[in-house]
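K.L.:
Once you've had a glance at the structure underneath, I'll fire off some questions.
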Amino acid sequence: MTDRAQDAPDELISRRTMLAGAAGVVAVAAGLPLGAGGQGASAPAAPGAPKVPADPTKLQGAPTSPVGARSAFYKPSRTPVGETVGNSLSPLQDLTGTITPADLHFERHHAGIPLIDPAKHTLLIHGLVGTPLLLSVDEVKRFPQVTRTHFIECSGNGRSAYREPKPDMTPQKVAGLVSNTEWTGVPLKVLLDEAGFKPEATWFLAEGGDACLLTRSIPMPKAMDDALVVWAQNGEPLRPEQGFPLRLLLPGWEGNTSVKWLRRIELGTRPWATRWETSKYTDPLPDGTARQYSFDMDAKSIITTPAHPKVLTKGWWPISGLAWTGRGKITRVEISTDNGKSWHDAELSPTTGVKAPVRFTHMWEWDGSAAVLLSRATDETGYVQPTRTALLKVRGIGTDFHFNPIVGWKVAANGAVTFHAET
Amino acid sequence: MRRALVLIVITAAACARDTAPPAVPAAASFASIPAQHYGLGRAATPAEVAALDIDVGPDGLGLPAGSGTVAQGATLFQTKCSMCHGATGQGMPPAFPLLISRDPKAEGFKFASDPKLPHSIGNYWPNATTVFDYVRRAMPLLQPGSLTNDEVYSLTAFLLASNEVIPKTATLDSASLMNVTMPYRDRFVPDNRKGGNEVK
């Protein structure tokens, strides 16, 4: 799967070239004039770049196709590690707006991506319910459905940038374990009503159908609030790496709790203490304790452009990026171009709702002197994104999850942009 | 969505067999959706539930019959686990985690100041039942779910003994496993972050 994602751009070029050639043959056969530029490239092509006609308006373009593909000039890529246990980061610096294209959504798998036949997949709801309920995927889709936009962020997002920052880190490397999607599904509450859940239930267990049968314990109030069982992502069925055919979606909570390939929900009266909420996804603190069941993702932001490895020239640049909070809405994003001495309110894109990122922009005229660009988010609870220094004080360098320090980019006098973590 | 619901309501008025579904609220919370029975899906049989319901809780609920010794587990570990987790449980991080370590430095539970301190079973894990639950559902990596309950008890016994939690002569079954107290169980605390103007 990951190999295919990596190889896609090259396949695209060869397919495009082939189609363009076929179109030329058709044009000749039909007696149509070929463009003055012909099919040949007139400019020296960069390695891997497609051959382009000198004037694309002088010949017929490629015909329609069953599935669209990206321009051969745009090759965003995740960062697969080639292992079934691992992650693959979303290319934040290559994206605009707030929605993450489905094929660029970050990945985090604990036992690879299972191949599931949706006709055979079922969701079992049992435990403290009136009757254990078995639903097919088609039946899940017959309940009242809702479409909502929410981010998912892995709670380990930003660990290496926090613990071991390096100047050559990109937005993808710093914070690429966050993505944003328009999800379609059914409120979990509707399914639990169908099963007749008992009021004494205080927690539920969600289990995935991957090779580690990943399980997380979730407090029932989340099920009654905004939890969804989703089957679609940006207008089409979930991608396999995002949980096809069903996933739990817990808006604003650490990504691991949005259990993919969802196959079972059991209602009970206490958490199950699974591996994923004991050995992993707990937060050691400087006082010798570890926070457990720490679900909310704190407010966070990152400038995605300009960023490393960009080299700036003097003049106007939009400073733009993403801000999000697991506790509702972002109310303010401030930008500093002088390493935090002064701050300016950035313009925020209209946001669709809660627990969905905003795109922020601040126009900046660079005068050629050294600068440090920072962004700082505030959410509707009044929480202000902390500096790394403040976070180190309350969490320590060895804390394992929930990294949301202010970060930014250093602009050298020669225009070189490098990662800046020391806030 | 709202227009669709209006249409459904109109249709419902015209056709006695239809019922207007409860509106899915535009507000953030779904709590106000009234309970409604749609008659979709079917009752799962006890056998269907039992086939999937293998989870074990920290109170021991869900532990099956069976037993295993530390010695049996040591043999099994070498044949089924050591190729990834190492002969002494040292692992090959990050894909294959270290399992066995009882580091004296873990005594103060200073993981926040020492990222190198291994989160081994003995240094970190709060519940012994988690070992059983995870090994049974997810291990060995290439044959998950293939171990018998006796084998899972044996491996759990070996891992707990190697991490100096139980004696090397121990035999584990459901009654003894549910009574194992992990060394740092009391170090785990609830989340106290609530947003607002405080960084925690």
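K.L.:
Name the residue from A:402, A:390, A:305 whose Cα lies farthest towards the positive end of the charge dipole of the range A:300-421, charges +1 on Cβ of Lys and Arg and -1 on Cβ of Asp and Glu.
P.N.:
Positive-most Cα among the choices belongs to A:402.
K.L.:
Between helix B:2-14 and chain B, what is the angle of the helix's C-alpha long axis to the longest principal axis, kept within 0 to 90° and rounded to the nearest 10?
P.N.:
On a 0 to 90 degree scale, this one is about 60.
K.L.:
While we're looking at this one, here's another question. When the Kirkwood radius is taken over all Cα pairs of the range A:300-421, what Stokes-Einstein diffusion coefficient follows at 4 °C and 1.567 mPa s, in µm²/s?
P.N.:
Stokes-Einstein gives a translational diffusion coefficient of 88 µm²/s.
K.L.:
Here's another thing I want to ask about it. Please list A:400, A:103 in order of solvent-accessible area, largest first, computed with a 1.4 Å probe with all protein chains present.
P.N.:
A:103, A:400
K.L.:
Ignoring ligands, DNA and RNA, what percent of the accessible area of the range A:56-151 is carbon or sulfur (1.4 Å)?
P.N.:
Carbon plus sulfur share of accessible area: 54 percent.
K.L.:
Rounded to the nearest 10 Å², what accessible area does residue A:361 show when all protein chains are kept and the probe is 1.4 Å?
P.N.:
50
K.L.:
On average, how much accessible surface per residue is there in the protein assembly as shown, in Å², for a 1.4 Å probe, leaving out ligands, DNA and RNA?
P.N.:
Per-residue accessible area for the protein assembly as shown comes out at 43 Å².
K.L.:
Using a Förster distance of 25 Å, how high is the FRET efficiency between residue A:349 and residue A:380, based on the Cβ-Cβ distance and rounded to 0.05?
P.N.:
Efficiency for this residue pair is about 0.95.
K.L.:
If I take R0 = 56 Å and measure r between the Cβ atoms of residue A:270 and residue A:166 in this structure, what FRET efficiency does the formula 1/(1 + (r/R0)^6) give, to the nearest 0.05?
P.N.:
According to the calculation, E is roughly 0.85.
K.L.:
Would you tell me the accessible area of residue B:119, worked out with a 1.4 angstrom probe on the heavy atoms of the protein chains, in Å² to the nearest 10?
P.N.:
My reading of the accessible area for residue B:119 is about 40 Å².
K.L.:
What average count of beta carbons from other chains do you get within 10 Å of the Cβ of residues in A:224-230?
P.N.:
Taking the mean over all residues of the peptide, I get 2.
K.L.:
Follow-up question, since we're still on this one. Across peptide B:106-113, how many C-beta atoms of other chains are within 10 Å of each residue C-beta, on average?
P.N.:
Average per residue, whole number: 6.
K.L.:
Under 5 Å between amide H atoms, partner at least 5 residues away or on a different chain: which partners does residue A:304 have, H built in plane at 1.01 Å?
P.N.:
The list, which skips near neighbours in sequence, is A:320, A:321, A:322.
K.L.:
Starting with the highest mean, order B:60-68, B:126-134 by the number of other Cβ atoms within 10 Å, averaged over the residues of each peptide.
P.N.:
With the highest mean Cβ count within 10 Å placed first, the list reads B:126-134, B:60-68.
K.L.:
Now a separate question. Give the distance, in whole Å, between the Cα centre of the range A:211-250 and the Cα centre of the range B:143-200.
P.N.:
The range A:211-250 and the range B:143-200 have Cα centres separated by 27 Å.
K.L.:
How would you rank A:254-267, B:84-97, highest first, on the average number of other Cβ atoms within 10 Å across their residues?
P.N.:
Highest-to-lowest ranking by the protection proxy: A:254-267, B:84-97.
K.L.:
Provide the packing ranking of A:295-304, A:73-82, A:326-335, i.e. peptides ordered by the mean count of other C-beta atoms within 10 Å per residue, highest first.
P.N.:
The most tightly packed comes first, giving A:295-304, A:326-335, A:73-82.
K.L.:
Right, here's the next one. Roughly how big is chain A's charge dipole about its Cα centre, with Cβ charges of +1 (Lys, Arg) and -1 (Asp, Glu), in debye to the nearest 20?
P.N.:
260
K.L.:
How far is helix B:129-138 tilted off the main Cα axis of chain B, in degrees rounded to 10, range 0 to 90?
P.N.:
Compared with the principal axis, the helix lies near 70 degrees.
K.L.:
Follow-up question, since we're still on this one. Per-residue mean of other chain beta-carbon atoms within 10 angstrom of the beta-carbon, peptide A:121-134?
P.N.:
4
K.L.:
Sticking with this one: Roughly what angle does helix B:70-80 make with the longest principal axis of chain B, taking Cα atoms, 0 to 90 degrees, to the nearest 10?
P.N.:
The two axes meet at around 70 degrees.
K.L.:
Using a 1.4 Å probe over the heavy atoms of the protein chains, calculate the carbon and sulfur portion of the accessible area of the range A:300-421 as a whole percent.
P.N.:
56
K.L.:
Chains A and B: how much accessible area gets covered up at their contact, both sides added, probe 1.4 Å, in Å² to the nearest hundred?
P.N.:
Using a 1.4 Å probe, the pair buries roughly 5700 Å².
K.L.:
Further question on the same structure: Can you tell me the relative contact order of the range A:300-421? Whole percent, Cα pairs under 8 Å, sequence separation 6 or more.
P.N.:
Worked out over the range A:300-421, it gives 33 percent.
The values are calculated or read from the model by the stated rules, or taken from the named source; none is laboratory data. Note that the coordinates shown come from a computational prediction; the quantities given were computed from them, not determined experimentally. Positions of Cβ are generated from backbone atoms using ideal geometry, with glycine treated the same way; all protein chains shown enter the neighbour counts. These area figures cover heavy atoms from the full protein model, side chains too; ligands, DNA and RNA do not enter into them. Shrake-Rupley method; radii C 1.70, N 1.55, O 1.52, S 1.80 Å.
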